[in-house]
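The next block holds one structure in the form of structure tokens; read it before the comments.
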Amino acid sequence: MATAPEATELSDISGTPGLLTGKERRRRGWRRVATRYDLYLMLLIPVAWYVIFQYGPMYGVQIAFRDFNPVKGIVGSEWVGMDNFDRFFSSYYFGRLLWNTISISILSLLIAFPIPIMLALLITEIPSDRFKKVLQNVTYMPHFISVVVIVGMLQLFLDPETGVVNLMLNAIGLDSVSFMESAGWFKPILIGSNIWQNMGWASIIYIAALSGINPQLYEAAKVDGASRFRRLWHISLPGIVPIMVIMLILDVGAFMNVGFEKILLMQNDLNKEASDVIQTFIYKNGILQGDYSYSAAIGLFNSAINFVLLVIINGYARRKAETSLW
């Protein structure tokens, strides 16, 4: 209910307390912008960034429907409609690319997504502050290592002759394994190294969410005789469910983006059966071979799947968990 001064202000503007015409609302809105101009000026840089680098390039998406010729330009190139998409869907490598991309994403969600949550729960339950800080630093540091360095470390550790892993296998009487050249080992190595590199960094947001839970809830649970596991299950996990849902939505929204740089660095002719994904295929056809229209069509298909999955998972989360991005 409006107070007397507010009602007077509205009455002075429109003549009718609590009712404003469209023109008067716009005038009042511009007045607020003028009053808070410094805050709105701070929005100019991010808005300009989105317009220039995110929305502006969408103009070029139309080359997916053209036979793009750099000499003729985007508008001057011949319109071919869905031919580039038909070419990709009917190709013999379409099934392999799609399966490799989807399988890596699903395995990452099933295996890699819960691990930062468990790590955050473990860190918050450690009684020693010193050991807690050491564990946090140890798990955070791999995130700042370059992908090139990570792949180099994998090649050194998994080398068939001098790698420490194969030396340990030889020590217990087992034969050496060419891990990096094996299609069967590609996905476990990729996902395992991603977990090691990113679990500490990904756990930060869960640790922050856990620190915001009311400590009195834990004290009350202790008084009632709840064990540590019960406190984790009934207090800690429910307390971070909204954050878990948001992170899951973001991960599903990037479902088809499986880490192009690392896969490309790990890829070779012997493991290509398992390592060839949509993003590496786009790079090879679009950048190396200059088939821009074809690669743009594949990239648009990849982005369309991400968009559809994002809308679906966001709507489902809004209905079931009452938490969503919008």
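What follows is calculated from the coordinates using simple rules that are stated; it is not laboratory data. These numbers were taken from a predicted model, which means no experiment stands behind them. Note: ideal-geometry Cβ built from the backbone for every residue, glycine included; neighbour counts use all protein chains shown.
Worth a mention:
- Sum of -39500 (n - 2.57) over DSSP H runs of 4+, divided by residues of the chain (222 nm, nearest 500): -19500 deg cm²/dmol
- Summary of packing: across the peptides 247-256, 277-286, 233-242, the per-residue average of other C-beta atoms within 10 Å ranks them, highest first, as 277-286, 247-256, 233-242.
- Cα centroid of the range 25-51 to Cα centroid of the range 126-185, whole Å: 50 Å
- Seen from a random direction on average, the alpha-carbon convex hull of the chain projects onto 28.1 square nanometres.
- Here the range 19-63 is assigned +1 on the Cβ of each Lys and Arg and -1 on the Cβ of each Asp and Glu. Its dipole about the Cα centre then comes out at about 440 debye.
- Between Leu288 and Val71, the C-beta separation translates, for a Förster distance of 22 Å, into a calculated FRET efficiency of about 0.65.
- Rg/Rh (Cα only; Kirkwood hydrodynamic radius) as it applies to the range 228-326: 1.16
- Report note on the peptides 258-269, 88-99: ranked by the mean count of other C-beta atoms within 10 Å, highest first, their order is 258-269, 88-99.
- Restricting attention to the range 83-320, lysine pairs at least eight places apart or on different chains and with alpha-carbon atoms under 22 angstrom apart total 6.
- Virtual spin-label span in nm between Phe260 and Met82, 7 Å along Cα→Cβ: 2.6 nm
- Amide proton proximity set for Ser77, modelled H, under 5 Å, gap of 5+: Asn69
- Once both labels are positioned 7 Å from their Cα atoms along Cα-to-Cβ, the gap between Tyr218 and Ile102 label points is 4.3 nm.
- Each residue, Ile52 and Ser211, gets one label point 7 Å from its Cα in the Cβ direction; the gap between the two is 3.5 nm.
- Dipole magnitude for the chain: computed about the Cα centre from +1 point charges on Lys and Arg Cβ and -1 point charges on Asp and Glu Cβ, it is near 1200 debye.
- Mean Cβ neighbour count within 10 Å, used as a protection proxy, ranking 48-55, 308-315, 101-108 highest first: 101-108, 308-315, 48-55
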